[in-house]
Every structure is written in C-alpha cells, then in structure tokens.
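Below you'll find the structure, written out as structure tokens, and then a few comments.
The values are calculated or read from the model by the stated rules, or taken from the named source; none is laboratory data. Just so it is clear, the model here is predicted, and its values are computed rather than measured. Counting neighbours? That spans all protein chains shown, and the Cβs are built from the backbone with ideal geometry, glycine included.
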Amino acid sequence: MIRLDIGGMTCGACASHVREALCEVPGVENAEVDYPTGVASVHGSGLDAQAAIAAVAALGYSASEAAAPTQQSPADPSHAVRGNGGALRVAVIGSGGAAMAAALKAAEQGAQVTLIERGVLGGTCVNVGCVPSKIMIRAAHIAHLRRQSPFDDGVAASDPVIDRARLLIQQRARVDELRHTKYENILDGNPAITVLHGEARFRDGHTLIVNPGDSGERTVAFDRCLIGTGASPAVPPIPGLKESPYWTSTEALASASIPPRLAVIGSSVVAVELAQAFARLGSKVTILARHTLLSREDPAIGAAVTAAFRAEGIAVLEHMQASRIVHAENEFVFTTEQGEVRADRLLVATGRVPDTSGLALQAAGVEVDAQGAVVIDRGMRTSNPDIYAAGDCTDQPQFVYVAAAGGTRAAINMFGGNATLDLRAMPAVVFTEPQVATVGLSEAQAREAGIPTESRTLSLDNVPRALANFDTRGFIKMVVEAGSGRLLGVQAVAENAGELIQTAALAIHHGMTAADIANQLFPYLTMVEGLKLCAQTFSRDVRQLSCCAG
C-alpha cells in the first residue's frame, strides 16, 4: 500500500474524482480517499507512487507520498494535546479567515494554540471563494474588453479564443501560492501553533475529540476555544435538483470547460458575479431570480445591474422559480410558470449555511439559531463563556475581512479583553461590471431604524472620470440624516466602485456630514471624486459647475 497526501480537495465530490483516477492507474486494485484528512490509501501490487501522483496531478490536485501514520490509543490521556508551562490552551476549529486571525493573535499573546482543520488549510476564501473567483472574473473582464469596448472605433476589437483549461492552471497556481505563503508556511513557522488534521467535535465544554480518519481519535483539552468552521453552499428544495449533477460555486470555479448554455439559480453576490464571468468567457447565461437581482439592496442597484447584464446578452428572468428540474441526455430542463428553460450546466448560488452540524455543540452548551448559526455577542462570546465563534458559522455578514476582524477580537477577549466588532461602517463590494459597493444604511434601513433622512443620487454622466472612460453606467447615492447632514450610507454602481467605497466608510466612521465631504480635496479624474460631487448636490446643482470646481 502507498499513502498520498492530496492537496486542493474542497468537498467529498473531489475525493470521489481522485479515487476514480487512482483506480485507473496500472496495478491499483482499490483506493480510498478521505476528504477531511486529505489522505489517499492506494492498494494493489507493483504500485508506482509516481504514476499515482501523476494521475492526481492531471485532475489539478497536488499529491505527495505521506508519512506512515503513528498509532495511538484514543483512550490514553497522554495523547491529549496540552499547552506547556502553564500557558493558556486555545483550540481553534477551522483555518479560514476567522480561525487564522484568532490563532495568530492568541499565539502572539502567549497561548499554546491547537488549530484543527478537517480539509485543506486556508478555508473558503483562498481555496474556493474570493481568490479563485476574482481571478476568473478578471480573466473574463479581459476577454470582454478584447471583444468589446467604448473605443472600438479606434482600437480594433477581436473575438478572443478562450482556453479555460489553461486559465484554470493559472488560477490554481496562484491559489496554491497564496495558500502556501499565507497559511501553510505561516503555521509551519509558528512554534506556538500545532496543526491537527481531522474532524473535531465537542465532548464537553473544555474538551474536543479529533478524528483524523485513518488513526485513533485524539483528545484536545482547552481553556478557550474559537469556532471558525465557516459555511457551505445552500441547496434549495427543488424537486429533482439533488438527483442532478448541479454545480455550486465550488464546482463552477474548478470547471476546466465553459458550458455552451449555463443556467444560474440565485440572484445574490455569488450568482451575479459568476453569471457575468461565464457569459464573458463564452456561455449563454440565463439567471432565474426568485425576486430581482440583489433584491436585498436599494432597488436602484438591482435595476442597474440587470440593465448592464441584459445589454451583454445575459437573460435575467425575474420573479422566476423552477418547480422541477430534470437532467437527461446531458441537458437540464427547468419547469417554471412561464415555460421551460434548458441548459447544459446548472449553477446553484442561493446562499450559504453555517458548517456547525457535526460539532456536537450541545455537549459544550453552545447555542445556535434556527439556521444553525452560532449565537454570539458583540465580543464573539457564545453561550459558553470559554468558547468563542466568528465568521460565516455565525450570523455575522459573510465577508472574510469581517471574519478575520472577529477572530482577532475573540482572541483578545480570551485574555480578558473587551474588544467588539462595529459593523456600522462595513463596506461591501460585488465584483460585477459595473461594480456594486455599499456601506452604512440604505434609505429603507434608516427608516426602519427610525432615522429621518435625505438622499441624493448622482448619475455618472456628472462624473468627469466616467465621461473620460466613455462609460456612464450607474450612479452614486448618498443617504444623510435629515437636519444634521451626517452621512449614514452610500450605495454606488460604477466602475471601480469598490475602490471608492472605503472613503465613504471612513467618512461614516468619523461622523462626517455631506458638507464636510463636499469641502474636501478630491483628485480630479478619479471615480472617488464622484463622492464629492454627490455630496455637493445637497447644496447646489453640480451641472452648473466647471469640471473641477471646488
């Protein structure tokens, strides 16, 4: 038998693909691939380890020979992982944004940290979320510009040839690089942090049981614990869906081909980002939105994105639900009230649910809400005062920077601190084109909070940078408190909206008014100058100003 460490697997389906490839290698009689530990056990006669590694690499995963497992008795207390020298013992479940931030901060404060990861180090963001999706979106943006731009009269356009397999190699290489640099190498170089691979569950309020999958269970005793297990794609209860080979974002980002026809069920961030990316890389995309695109935002945002998508040939079917899905002869057929929709591939992007079901939280006295999210206070504390949680496994906004901030504050509080996470000026970006960026309160949210408001919306044909770009799609909207003029929120649909929104976030954080912003110096011919212009509309008609009037 040979054992291989497999890198890059993100779900049980990945393990199945690896097993199938290994079973095709000459001499292999059977193979077992365990996704939580990332270990493959290959059985047969005359086995060639290098041939097995090559078969795995051909799928896009990494593989190397694994060291022989050390046998131990799970009942022997000497195998419990404990801190040395009386240091605070901190257990961290997960290795994504929240978990890594908590582990590093706890180690910095002198704790002996045990980090437990059941799959690939790095969590969702670097492996199957933010990083690979933004790489794909950027490639799609380049393809779109080569095909079409506002300057085609003077710069000849050409229809690009898309080699998705080569793009995927480039994408995976950068993901692997970041995972090694920002996660694996950092953990390897920190003597205060011990990494255990396996599935963790609580035995009681101060003890974890870790199952590595291929050896005896280990006991981890802790003084404090951080739950940072993240979330997984939600799957709606549509008849026929679970029996079909649908994609979540994980499979979509790992696909080595671009389907001729792609249907997308969903209308939030992941759905719209990947829908536009696939369309620009060559798919004929149809979005089935239960309501409207980005329906939780200001209605003008969804309307602007819908108009941009339809102009690119993306079919946006609003107020549309599939009542049944059938997959036959390599085709998806969706039954809706308005007829049938057909596609070669289906992407389900209807949100994410907390990964908490296997933790035995009840044994530790940790409460969850109806969706399975860990209930926490502003200091990341759970109902067990020695157990904390942060990131997507809680009800916090599902952004990696929120998770990391929460993990850091949790670690501070483990040592007696009282750090809290203030989300009143939390910026958010949707990486479509044009981009969507928001911070603070919308008009509707302010009304719900009982705050009287005024608002102004600036169309981008009033922004010199947009005019110079020959792209005036979108708007910038400011919401202020009536009377005081204090900035409450900003919503923007614009090129590079994600780059301008942090200025608005800082303005909200420091209690600035629209007049304060209008009187600041902003560099000319930048999109962020649109904030100044929008602020000026509370007191004047910016159409009557010269280009860079102060």
> Which residue out of S357, S323 is surrounded by fewer than 21 Cβ atoms within 10 Å (Cβ to Cβ), hydroxyl-bearing (S, T, Y) and under 30 Å from A99 (Cα atoms)?
Replying inline: S357
>> Among the residues that make up the range 148-157, is at least one of them in a helix (DSSP H, G or I) and not assigned by TED's automatic domain parsing to the domain that holds A468?
In response: no
>> On the basis of being of a type in the set (D, E) and touching a residue at least 40 places away in the same chain (Cβ under 8 Å), does D344 make the cut?
In response: yes
>> Given the options E297, E243, E217, name the one that is of a type in the set (D, E, K, R) and under 19 Å from F431 (Cα atoms).
In response: E297
> If you check every pair at least six apart or on different chains, which have Cβ atoms under 9 Å apart with a residue in the range 310-327 that is within 18 Å of L347 (Cβ to Cβ) first and a residue that is assigned to a helix (DSSP H, G or I) and of a type in the set (A, V, I, L, M) second?
Replying inline: E312/A279; G313/A279; I314/A275; I314/A279; I314/A308; V316/A275; V316/V305
> So is A139 in a helix (DSSP H, G or I), farther than 21 Å from A57 by Cα and in contact with a Pro (Cβ under 6 Å, 6 or more places away or on another chain) or not?
Replying inline: no
> Going by the structure shown, is A425 part of a helix (DSSP H, G or I), more than 18 Å from S268 (Cβ to Cβ), in contact with a helix residue (DSSP H, G or I) (Cβ under 6 Å, 6 or more places away or on another chain) and at pLDDT 95 or above?
Replying inline: no
> Counting just the residues of the range 181-201 that are in contact with a Gly (Cβ under 9 Å, 6 or more places away or on another chain) and in a helix (DSSP H, G or I), which one comes out farthest from G97 (Cα to Cα)?
Replying inline: E184
> How many residues are free of Cβ contacts under 8 Å to residues at least 40 places away in the same chain and surrounded by fewer than 24 Cβ atoms within 10 Å (Cβ to Cβ) when one looks only at the range 491-516?
Replying inline: 8
> Can you name every residue in the range 384-421 that is assigned to a loop (DSSP other than H, G, I, E, B) and either of a type in the set (S, T, Y) or more than 15 Å from K105 (Cα to Cα) (or both)?
Replying inline: N384, P385, D386, D395, Q396, P397, Q398, F399, T420, L421
>> I need the full set of residues from the range 431-445 which are on the phi < 0 side of the Ramachandran plot and part of a strand (DSSP E or B), in order please.
In response: Q435, V436, A437, T438, V439
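For every residue, the table says whether it meets (1) surrounded by fewer than 22 Cβ atoms within 10 Å (Cβ to Cβ); (2) part of a loop (DSSP other than H, G, I, E, B); (3) modelled with pLDDT under 95.
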position	(1), (2), (3)
V220	no, no, no
T229	no, yes, no
S244	yes, yes, no
L253	no, no, no
A263	no, no, no
Q276	no, no, no
>> Looking at the range 406-433 only, could you name the residues that are hydrophobic (A, V, I, L, M, F, W, C) and under 15 Å from the mean Cα position of the chain (by Cα)?
In response: A428, V429, V430, F431
> Do we have any residue at all in the range 40-48 that's at pLDDT 85 or above and either in a helix (DSSP H, G or I) or among the basic types (K, R) (or both)?
Replying inline: no
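Considering the range 154-166 alone, what residues qualify as being without any contact (Cβ under 8 Å) to a residue 60 or more places away in the chain and of a type outside the set (K, R)?
G154, V155, A156, A157, S158, D159, P160, V161, D163
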>> For the range 419-467, give me each residue that is over 23 Å from A403 (Cβ atoms), surrounded by fewer than 20 Cβ atoms within 10 Å (Cβ to Cβ) and of a type in the set (D, E).
In response: E443, E448, E454, D461
> Out of curiosity, is T124 loosely packed, with under 14 Cβ neighbours inside 10 Å, in a helix (DSSP H, G or I) and at negative phi?
Replying inline: no
> Could you say which residue among R409, R381 is touching a Ser or Thr at 6+ places or on another chain (Cβ under 7 Å), within 26 Å of A360 (Cβ to Cβ) and touching a residue at least 12 places away in the same chain (Cβ under 8 Å)?
Replying inline: R409
> Out of the range 358-380, which residues are touching a strand residue (DSSP E or B) at 6+ places or on another chain (Cβ under 7 Å) and farther than 23 Å from T124 by Cα?
Replying inline: A363, A364, V366
> Hey, any hits in the range 471-489 for a residue that's free of Cβ contacts under 8 Å to residues at least 40 places away in the same chain, of a type in the set (K, R), in a helix (DSSP H, G or I) and not assigned by TED's automatic domain parsing to the domain that holds D298?
Replying inline: no
> Can you pull out the residues in the range 13-28 that are touching a strand residue (DSSP E or B) at 6+ places or on another chain (Cβ under 6 Å) and at pLDDT below 85?
Replying inline: A15, V18, R19
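Residue-by-condition table, conditions (1) surrounded by fewer than 24 Cβ atoms within 10 Å (Cβ to Cβ); (2) under 12 Å from Y388 (Cβ atoms); (3) at pLDDT 95 or above:
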residue	(1), (2), (3)
G96	no, no, yes
A102	no, yes, yes
E108	yes, no, yes
A111	no, no, yes
> Could you list, in sequence order, the residues of the range 172-193 that are touching a helix residue (DSSP H, G or I) at 6+ places or on another chain (Cβ under 9 Å) and touching a residue at least 40 places away in the same chain (Cβ under 8 Å)?
Replying inline: R172, R174, V175, L178, R179, K182, Y183, I186, L187, N190, A192, I193
> Can you name every residue in the range 526-550 that is touching a helix residue (DSSP H, G or I) at 6+ places or on another chain (Cβ under 7 Å), part of a loop (DSSP other than H, G, I, E, B) and surrounded by 14 or more Cβ atoms within 10 Å (Cβ to Cβ)?
Replying inline: T526, M527, V528, F538
> Among P523, P452, which is out of contact with any Cys (no Cβ under 6 Å at 6 or more places or on another chain), farther than 16 Å from Q536 by Cα and not basic (K, R)?
Replying inline: P452
> Which of the residues spanning the range 166-201 are loosely packed, with under 15 Cβ neighbours inside 10 Å, more than 20 Å from the chain's Cα centre (by Cα) and under 29 Å from K134 (Cα atoms)?
Replying inline: R166, I169, N185, D188, G189
